[in-house]
1. So which of B:169, B:165 is on the phi < 0 side of the Ramachandran plot, assigned by TED's automatic domain parsing to the domain that holds residue B:221, open to solvent by less than 50 Å² (accessible area, probe 1.4 Å) and over 19 Å from the mean Cα position of the chain (by Cα)?
2. Looking for something surrounded by 15 or more Cβ atoms within 10 Å (Cβ to Cβ), more than 10 Å from chain A (Cβ to nearest Cβ), of a type in the set (S, T, N, Q) and within 30 Å of residue B:42 (Cα to Cα) - is there at least one such residue anywhere in the stretch B:90-107?
3. Just to be sure, is residue B:10 without any contact (Cβ under 8 Å) to a residue 40 or more places away in the chain, buried (at least 18 other Cβ atoms within 10 Å of the Cβ) and at the interface with chain A (Cβ under 10 Å from one of its Cβ atoms)?
4. With respect to residue B:429, is the statement that it is within 15 Å of ligand 2 (Cβ to nearest atom), open to solvent by less than 40 Å² (accessible area, probe 1.4 Å), hydrophobic (A, V, I, L, M, F, W, C) and away from chain A (no Cβ under 14 Å) true?
5. For residue B:355, state whether it is in contact with a His (Cβ under 7 Å, 6 or more places away or on another chain), closer than 19 Å to residue B:422 by Cβ and away from ligand 1 (no atom under 15 Å from the Cβ).
6. If the requirement is being closer than 21 Å to residue A:132 by Cβ and either open to solvent by less than 60 Å² (accessible area, probe 1.4 Å) or of a type in the set (Val, Ile, Thr) (or both), which of these qualifies: A:116, A:77?
7. What number of residues within the stretch A:44-71 are of a type outside the set (A, V, I, L, M) and either buried (at least 21 other Cβ atoms within 10 Å of the Cβ) or at the interface with chain B (Cβ under 10 Å from one of its Cβ atoms) (or both)?
8. Which one of these is free of Cβ contacts under 8 Å to residues at least 40 places away in the same chain and surrounded by fewer than 16 Cβ atoms within 10 Å (Cβ to Cβ): B:322, B:308?
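The values are calculated or read from the model by the stated rules, or taken from the named source; none is laboratory data. This structure is a prediction, so every number in the text was calculated from the model and none was measured. Reconstructed Cβ throughout: ideal geometry from the backbone, glycine too, with neighbour counts over all protein chains shown. Areas reflect the complete protein model, heavy atoms only, side chains present, ligands, DNA and RNA absent. Shrake-Rupley method; radii C 1.70, N 1.55, O 1.52, S 1.80 Å.
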Amino acid sequence: MKKGPTIFGRRKRFALFLGLLLVVVPRAVWATQVHAEPEGLYAHQLAHAFFLVSMGILVYWLRERHLTQHRGWRYLQYAAIFFILWNLDTMFVHHLEGREDLFLTFSKGTLQAALQPFPGREWLTWAFYLGKMDHLLCVPAILFLYLSLRELIRTGYRFPRSENG
Amino acid sequence: MQLPFWPVLLVDLLGSALMIVFSILCVRLSFQLRSQDRENVVWTYLLMVSHALTAFAVSRGVGHIAKELLILGDRPDIWAALRPYSGSINTITFCVVGAVTLFFERIWRVYQQVLRDKEALQEAHEKLLFMNKHLEDLVLERTQELARSEGKYRRIFEVSRDMIAVVDAGGTLLDINPAGREMLGIPHHLTGRESALPDFGSFFARREDWDRLRERILRDCYVSDAEVDLVAADGREVNVLLSAASECEVSRKTEIFHFVVKDISQRKAMQQQLLQADKLASIGQLAAGIAHEINNPLGIILGYTQLLIREEPEGTERYEDLKTIERHSRTCKTIVEDLLSFSRRAHTKKETASLHETIEEVLSVVRHNLELDQIQVEKDFDPAVPLLVLDKDKMRQVFMNLIMNAKQAIGKDGWIRVETRFDPGRRQIRVAVRDNGCGIKPGDLPRIFDPFFTTKGTGEGTGLGLSVSYGIVKNHAGDILVESQVGEGSTFTVVLPVENEDEENAGT
Ligand SMILES: Nc1ncnc2c1ncn2[C@@H]1O[C@H](COP(=O)(O)OP(=O)(O)OP(=O)(O)O)[C@@H](O)[C@H]1O
Ligand SMILES: [Mg+2]
């Protein structure tokens, strides 16, 4: 694994760049918005990006070590992938949340609350609506983490004695 | 089209609850994992991730549940107050999970290194333990191996027919093998340990030989095939071929010489004999040529002399002169005949005969003569001696010569012993004629078989006796050997081969 770190480093940088893009793009959009203190949201988005990148690295890393041949590690990989999807999802949702040109909200704060998309914004509204249900992604993620740990315990996983890592 | 918000709320509430439950379960499991293998930092990592995720799940889950409930419960103001905390905690937990994961790779590498080091340490430790435990066995094994090797070389040392000697630079014998002891006549009870062994240099016939040899070894580190004369402790002179190598022994801080010494006396003697035989053969050829030419004129001289004597009345001066001529011509003729028989030109008539009878005949002729000089004759005949095919007359001449020589060497008062021995192994008969006469000087020894070599005055000996005998014995495919010690006596040994098994019936 001599060449590894450089490749890894390049990919990591690339991933970070992607993450930054995701954060910077909304900024351009919100530039028109009147938002008193946007730092909180930015920090939150950056944290999501960071989380996402680290999960990507974890997946890459698990695959490179061929650990995914073991079911326990494979579950961990799935967990990481779900977390990645979840991160993308939440970032997307956070991004849309600030926009007021997508839909109208009725009966906000009640059980009868509903969304009314503006004409021509149906698709985005739909995407936002589905994205809002982010637990559909993060629950499987943590479930896989749980399964992974359980599997590692069950099989009494031992690391190979000497790994050429 | 309106999208109802309640499914989102439901998923949010349920999902948050599930997140909390599973993250707590994850923490429990990772604790369990870690307790399985405490040293493994990867488990520690998973534990950390689980903790961070739990923190995240709880903060977010609780936040979301609270948010929904507060908003539904119409208290958005409280939520507005809580919201920044919930959001910040969420952000921090993401960062923690991300950071921990990014470090995972490093941790893993470090962990692998630790594992490798641990393994190496373990291995070294085990090796040490093994060595410790088996040191005694190993030493024993090595010792046995050494002993075996030592035994092997010892055997070479012990059974070698050549002398092997270890000598220090000063010349002190440190060790010498049995062959060497025998060669030098060193008693077996002397060992190098008490340094009771004599000085090696003292065995050299010429001390300067030893000094020169030492110098050469010290200079070149070896000497090969040097021919030197050694003198054994009992005075025996031994011709040897000597090879030596030096070795620097650090512990003693001196050079050690290793000698391999081969006794070549035998070979030397043989060479001498060959030389002798060669010389005699050429002299024989020369003599035979002359003898043959002289024989005829001599016969004519003798014939005419006898003719003249017959015509001359006895008692006159002329008669006496002619008699003198006749006598001397006869002597010449005998000499010539002797020469001829030495060179084997003369005809031989071989027949089966008893050697003992032949010797007895000679003894009966000379006995009276010997008794006059008080010389006793002793016989020691081996009854196993078989009959031989030989020229009786010639053999008689041989023994006559040997016995007369012995008599002349004794002068008056002494003994002559005639021994016969049969060696069935080598199929040969040895007849030894011993006397206690004056002996032969070592310088004369190589020459006594030369024709005309004599130490006796003119008229007494011609110096042909031994050379003629030598020719006769050679003609019988035999050999004559001499041993002599000045002042003590001489032994002439006639060796005759037994050619045919048919004649192997003992005769007296
Ligand atoms: N038994 C002996 N003891 C001592 N010296 C001997 C003996 N036999 C031979 N020799 C020596 O060897 C020499 C040669 O002997 P060889 O018989 O050939 O000649 P010779 O006795 O001198 O003369 P010849 O025998 O012809 O009368 C002798 O002169 C004598 O010095
Ligand atoms: Mg003689």
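1. Details: B:165 fails: over 19 Å from the mean Cα position of the chain (by Cα).
None of the other options fit; the residue is B:169.
2. Checked the stretch B:90-107: no residue is surrounded by 15 or more Cβ atoms within 10 Å (Cβ to Cβ), more than 10 Å from chain A (Cβ to nearest Cβ), of a type in the set (S, T, N, Q) and within 30 Å of residue B:42 (Cα to Cα).
3. On the way: without any contact (Cβ under 8 Å) to a residue 40 or more places away in the chain: yes; buried (at least 18 other Cβ atoms within 10 Å of the Cβ): no; at the interface with chain A (Cβ under 10 Å from one of its Cβ atoms): yes.
No.
4. Details: within 15 Å of ligand 2 (Cβ to nearest atom): no; open to solvent by less than 40 Å² (accessible area, probe 1.4 Å): yes; hydrophobic (A, V, I, L, M, F, W, C): yes; away from chain A (no Cβ under 14 Å): yes.
Criteria not met by residue B:429.
5. Numbers: in contact with a His (Cβ under 7 Å, 6 or more places away or on another chain): no; closer than 19 Å to residue B:422 by Cβ: yes; away from ligand 1 (no atom under 15 Å from the Cβ): yes.
Judged against the criteria, residue B:355 is not a match.
6. On the way: A:77 fails: closer than 21 Å to residue A:132 by Cβ.
Criteria check complete, one pass: A:116.
7. Within the stretch A:44-71, the first condition is being of a type outside the set (A, V, I, L, M), and the residues that meet it are A:44-45, A:48, A:50-51, A:54, A:56, A:60-61, A:63-66, A:68-71.
Still in the list and also either buried (at least 21 other Cβ atoms within 10 Å of the Cβ) or at the interface with chain B (Cβ under 10 Å from one of its Cβ atoms) (or both): A:44-45, A:48, A:50-51, A:54, A:56, A:60-61, A:64-65.
Here the count works out to 11.
8. Working: B:322 fails: surrounded by fewer than 16 Cβ atoms within 10 Å (Cβ to Cβ).
Result: B:308 is the single residue among B:322, B:308 that is free of Cβ contacts under 8 Å to residues at least 40 places away in the same chain and surrounded by fewer than 16 Cβ atoms within 10 Å (Cβ to Cβ).
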